[in-house]
Amino acid sequence: MYWTLELASKLEDAPWPATKDELIDYAVRSVAPLEVIENLQEIEDEGEIYESIEDIWPDYPSKDDFFFNEDEY
């Protein structure tokens with residue numbers, strides 16, 4: 001399983017919180033790339049509810065990770 005910013009961004013509008021099956025269903029319905037669906041299927045699931053993409057990919061960068069000063073624009 002591997003995630004990139006592009007792949008993870010396909011789940012930004014997912015119906016959080018969600019189960020693994022709900023996320024797979026969302027990815028299929030939103031015509032996400034096959035890699036997203038494969039990554040979701042590889043998650044070892046014990047009926048967990050995922051609150052956000054960070055629960056699936058802990059290294060997902062947040063706004064704080066970027067050095068963009070919004071006040072300048």
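Each reported figure results from applying straightforward, stated rules to the coordinates on display, with no laboratory input. Quick caveat, the model's predicted, so the values are computed rather than measured.
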So, relative contact order of segment 2-60 in percent, Cα under 8 Å, 6 or more apart, is 43
Principal axis box of segment 11-66, alpha-carbon based, largest edge first, Å: 30, 25, 19
